[in-house]
Amino acid sequence: MNERIKELTTSAIAECFNGHSDRDGDVGSMYIPDVFAEKFAALIIAECAALNRKQGFNLSGVIADVKYSGDGFDEVCLNTVNTVEAYLFSDAFKKHFGVEL
């Protein structure tokens, strides 16, 4: 399992169980199997990638407009770039998943 996924799983479990751990001090292994944590993380990552892909399509539209339309970088392009920028700097992922961290 990816080390970052292990760290986040351990951190989440510690937070949920107020830092209680098993006898060896391992917070993660006693509550959530690694295979579950890994699959859960993969599903969350896939969902986030799909959300990002949508923004990538928006930027691809801007690139195509600038490259092929002959009008250059116009106000529509600027609005699209501003929208993507606002999305990337927002709490869009948190809102999408209904999470308040």
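The values are calculated or read from the model by the stated rules, or taken from the named source; none is laboratory data. It should be emphasised that the depicted structure is a prediction, and the values quoted were computed from it without experimental measurement. Please note: Cβ atoms are built from the backbone with ideal geometry, for glycine as well, and neighbour counts cover all protein chains shown.
Things to note:
- Candidates in region 68-89 are the residues that are at pLDDT 85 or above and among the charged types (D, E, K, R); of these, the one that is surrounded by the fewest Cβ atoms within 10 Å (Cβ to Cβ) is Glu75.
- Complete set of residues in region 75-90 that are over 10 Å from Val62 (Cβ atoms) and hydrophobic (A, V, I, L, M, F, W, C): Ala86, Leu88, Phe89
- Within region 39-51, residues that are farther than 20 Å from Leu88 by Cα have Cβ atoms under 6 Å from residues that are assigned to a helix (DSSP H, G or I) in these pairs: Ala41/Ile5, counting only partners at least 6 apart in sequence or on another chain.
- Out of Lys94, Lys54, sole residue that is free of Cβ contacts under 8 Å to residues at least 12 places away in the same chain and under 11 Å from the mean Cα position of the chain (by Cα): Lys94
- Selected residue [small (Gly, Ala, Ser) and modelled with pLDDT of 90 or more] from Ala50, Ala12, Ala92: Ala50
- Test: Asp34 is out of contact with any Leu (no Cβ under 6 Å at 6 or more places or on another chain), at pLDDT below 70 and acidic (Asp, Glu): no
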